[in-house]
């Protein structure tokens, strides 16, 4: 198939592009590098089935030729990123989603939306099933991400009901693995970076809040399964094993062998206290469930971070990554679509 992937240079997007190329698909990768690094797809640049265009899908999407699937992953995803870019986050969830839907409608493609567990907000139902409508503060500091994704789901389903578009909505829970930015503010990357640097591990709240952590290889299998079927969703994709943030910190310290202390800070506004997916629908309709334990996934992730010590030790990982990207721009330009 020929598959257009927005946010294809990001953490999840680059892994998805790689998986699709490995199985023989042609991939059109779209990204504006606002929160991603060209280094994520450097190893794919020589692949003859990869095409790339640098673009902001909130402004315009132009993919010449046939398209079989549109996978819309573009969006800031970590709290520091969407707090720093609130208007851009709302734009990519609204106009960006609409532009990618227009592309799918024009080409007759299946449209697959990467939504998020954040549509459940700070949930009053636990664990979270897809029929739960959520508990979201629409005017809080996290609302730019939560509501952008809720709108993205709404407009996608409106296209399905009104225009008969083949739509699939995935709600992705916490995912981790290689290619996370060391200083992106997510809990796994923060803990690993702090442990490797000998800095205190910062826990917000009392550490008893829970998350469910899915290794990226497992998550990508779920996205590919969603691409290959006609399931409309929404479908939860995540690891159903619930862990406290304190347990995660202790596990990272054990795997890294770090003697870093743990520091506690006030819990941010609207930060969810519980997060655990019910994945019965994914099991029954996609034949999907995660396979990689958090211990194995964290070991792989720690090894990847250790191989990039310069980025890990930099005060701001975004700066270090941007400096290393300048040599890749000419190569990417050579892969651009006409």
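Read-outs: derived from the displayed coordinates by stated rules, not from any lab. Note that the structure is a prediction, hence the values are computed from the model and not measured. All Cβ positions, glycine included, derive from the backbone under ideal geometry; neighbour counts span all protein chains shown.
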### Query
How much length is gained on full extension from residue 62 to residue 129, taking 0.36 nm per residue of separation minus their Cα-Cα distance?
20.5 nm
### Message
Relative contact order for the chain: what percent, with Cα pairs under 8 Å and sequence separation of 6 or more?
### Response
19
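Return 18, 242 ranked ascending by Cβ neighbour count within 10 Å, so the fewest neighbours appear first.
Final ranking by Cβ density, sparse to dense: 242, 18.
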### Query
How long are the three semi-axes of the equivalent ellipsoid of the chain, in whole Å, if each is the root of 5 times an eigenvalue of the C-alpha gyration tensor, listed from largest down?
30, 24, 18
### Query
Where does each of 153, 130 land when they are ranked from fewest to most other beta-carbon atoms within 10 angstrom?
130, 153
### Task
Determine the gain in length on full extension of the stretch residue 259-residue 162; use 0.36 nm per residue of separation and subtract their C-alpha separation, reporting nm with one decimal.
29.2 nm
### Query
In nanometres, what is the gap between the two model label sites at residue 295 and residue 199, each 7 Å from Cα along Cα-to-Cβ?
2.9
#### Entry: Separation between Cα centres of the stretch 42-60 and the stretch 247-273, rounded to whole Å
36
### Task
Would you work out the relative contact order for the stretch 1-137, in percent, from Cα pairs under 8 angstrom that are 6 or more residues apart?
23
### Query
Sorting 284, 88 on the 10 Å Cβ count, fewest up front, what's the list?
284, 88
### Message
Among DSSP bridges having both ends in the stretch 156-310, what percentage is antiparallel? Round to the nearest 5.
### Response
20
### Message
Ignoring everything except DSSP H segments at least 4 long, calculate the 222 nm mean residue ellipticity for the chain; use -39,500 (n - 2.57) per segment, divide by total residues, nearest 500.
### Response
-11000 deg cm²/dmol
### Task
Sort the stretch 133-199 into rounded, prolate or oblate with this rule: let a ≥ b ≥ c be the square roots of the eigenvalues of the Cα gyration tensor; rounded if a/c is under 1.5, and if a/c is not under 1.5, prolate when a/b is larger than b/c, oblate otherwise.
prolate
### Task
Report, for the stretch 2-333, the % of DSSP beta bridges that are antiparallel, rounded to 5.
5
### Summary
The ratio Rg/Rh over the Cα atoms of the stretch 100-170, Rh being the Kirkwood inverse mean 1/r radius, stands at 1.03
### Query
For residue 23 and residue 284 in the same chain, what is the full-extension length gain: residue separation times 0.36 nm, less their Cα-Cα distance, in nm?
91.6 nm
### Query
What are the extents of the Cα atoms of the stretch 216-277 along their three principal axes, listed from largest to smallest and rounded to whole Å?
48, 30, 15
